[in-house]
Amino acid sequence: MTAPLLANLIERATGLAIDRGGVSTMLDRFVADRMRSLGHTSIESYVALAGSSGPEQQALIDAITVPHTWFYRDPEQLRTIEHLMAAAPPGPLAIWVAGCATGEEAYTLAMIARRIERQVSVVATDVNETVLKAAQRGVYSALAVRDVPEDDRRWLAQRDGKFVVDFTLRSGVSFARHNLVDPPPPAPRGAWDLIVCRNVLIYFAPTPASRLLARFARAVREGGWLVVGASEVVFEPPPGLELVSSDSRLVLHRPPRHLATVLPRPKLRGMPPTVPPLIDPAIGPAIAPTIAPATAAGIPREPVRMSAGDTAARTPVKPVNPDDLVSALGRGHGLFEQGEILAAIEAYDQLARAHPSIAEVWLFLGIAHYAHGNAEAAASALRASLCLDATMWPAGFYLARAYERLGRRADALQQYDLIAVAELPPLTLQSSSAVINELRALRHDVRNAARRLTAERTARARRLLK
């Protein structure tokens, strides 16, 4: 277990919380190896060495920062960013990609800007010097570029089994070392038009995360935007930024001063419009009938609507104890299975604020929103769960169902396709829930139903082509 001295050093130096995203495991392994090679016999002596801002501290930072990313990660959020770029005032846009890792996101934004014919200057920063060198080289594996749209592949040249970013595109992107606990890098015209910091805050301790958001708020221009990851909208907006909805995704906006009091707040609750089912009644449901009703597991057939009396009578939600994750999850499950869906949503929401990097929490928050009929909120939470843990296949299943309710047939089909081709692994969760137990027992039926859906769609397409 990581010593408190070392944990405090990491948080002071980088803002990172070692209990997020497997950081502690990487840290323990690295420090044990370094202490042996350097001849240190106590953690105190090693912390004293790494505490000075020198090569050892940089090696420590490089070892624990998470470089996992790829081109066109979260395409829905990228569509929102594309819209923000296109709607910005004329002229060059200054974009800061904070926490850029190996550079895929910075190059993705440059591709989008080229496609919509916007002139941009992208400055991408990271505290990890090793990943910055990889970003500057611009050479990537087939896995990293797997989601690049066909039209944008012209910016990638294939050489010796790798993909190299075109020099013209690279010339509009610059990389620099920057620690997010420090003041922001200077913008070309004094302030940034767009700051993108996705899937970084989830690794920060709460206090450094709040301070970082405040620095972002001061660094973005009036009328500019801050985009954080899908799972990171749980953080409270700092003074000067408004949380607003753009293309059904939540982003942070710094309104011009004369509009600061009149910009609408996002609608986070409410019932979605009725949409036609994805599957024709003659063909049958998209999933096995034994799962869809699932009233015994707490999933209502219709969206839950509570009267004023119901609201007054429902079980009050106590503040979540962040140190008791399993107990808090169990309490949310109990409310959910008793049909107190709004109370369960409130409990899961509090838990998500306390544990924003736990995929399981976002999974159950998404399921509860889905049961309540709020498909948009469900989709947002379920995307966060999948972003944190791509193997969380129940989140993919419910995300497909949420997309159906929203009328987003193509997105729903894509999710079903992913389930159809996957070997759904057994779930390893920290808590037990009736709805998940049912899905766990029927996971092969879930996959087979998704395969039937995919086959039926293919057959329909062939009939149309005849």
If I filter the stretch 159-172 for residues that are within 27 Å of Ala17 (Cα to Cα) and either touching a residue at least 24 places away in the same chain (Cβ under 8 Å) or assigned to a loop (DSSP other than H, G, I, E, B) (or both), do I get at least one hit?
no
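Here is a yes/no grid of residues against (1) under 22 Å from His355 (Cα atoms); (2) in contact with a strand residue (DSSP E or B) (Cβ under 6 Å, 6 or more places away or on another chain); (3) surrounded by fewer than 23 Cβ atoms within 10 Å (Cβ to Cβ):
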site: Ala187; (1), (2), (3): no, yes, yes
site: Ala191; (1), (2), (3): no, yes, yes
site: Pro208; (1), (2), (3): yes, no, yes
site: Arg218; (1), (2), (3): no, no, yes
site: Trp225; (1), (2), (3): no, yes, no
site: Gly229; (1), (2), (3): yes, no, yes
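Only one of Leu132, Leu84 is in a helix (DSSP H, G or I) and touching a Leu at 6+ places or on another chain (Cβ under 8 Å); which?
Numbers: Leu132 fails: touching a Leu at 6+ places or on another chain (Cβ under 8 Å).
So the residue among Leu132, Leu84 that is in a helix (DSSP H, G or I) and touching a Leu at 6+ places or on another chain (Cβ under 8 Å) is Leu84.
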Among Ala142, Ala191, Ala101, Ala106, which is the only one that is closer than 19 Å to Leu84 by Cα and modelled with pLDDT under 95?
Ala191
Number of the exception - Thr102 against (1) touching a strand residue (DSSP E or B) at 6+ places or on another chain (Cβ under 6 Å); (2) hydroxyl-bearing (Ser, Thr, Tyr); (3) assigned to a loop (DSSP other than H, G, I, E, B)
(1)
For the stretch 192-233, the count of residues that are touching an Asp or Glu at 6+ places or on another chain (Cβ under 8 Å), farther than 22 Å from Ala7 by Cβ and part of a loop (DSSP other than H, G, I, E, B) equals 3
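Residue under question is Tyr370, and the condition is that it be surrounded by 24 or more Cβ atoms within 10 Å (Cβ to Cβ) and in contact (Cβ under 8 Å) with a residue 24 or more places away in the chain; does it hold? Walk me through how you get there before you give the answer.
Details: surrounded by 24 or more Cβ atoms within 10 Å (Cβ to Cβ): no; in contact (Cβ under 8 Å) with a residue 24 or more places away in the chain: yes.
So Tyr370 fails the test.
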From the list Ile195, Ile202, pick out the single residue that is in the same structural domain as Tyr107 (by TED's automatic domain parsing), farther than 17 Å from Glu242 by Cα, of a type in the set (A, V, I, L, M) and crowded, with 20+ Cβ neighbours inside 10 Å.
Ile202
Would you check which residues across the stretch 137-156 are touching a strand residue (DSSP E or B) at 6+ places or on another chain (Cβ under 8 Å) and surrounded by 13 or more Cβ atoms within 10 Å (Cβ to Cβ) and list them?
Gly138, Val139, Tyr140, Ala144, Val145, Val148, Trp155, Leu156
Tell me whether the stretch 117-135 contains one or more residues that are basic (Lys, Arg) and touching a residue at least 40 places away in the same chain (Cβ under 8 Å).
no
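The values are calculated or read from the model by the stated rules, or taken from the named source; none is laboratory data. Note that the structure is a prediction, hence the values are computed from the model and not measured. All Cβ positions, even for glycine, are placed from backbone atoms using ideal geometry, and neighbour counts span all protein chains on display.
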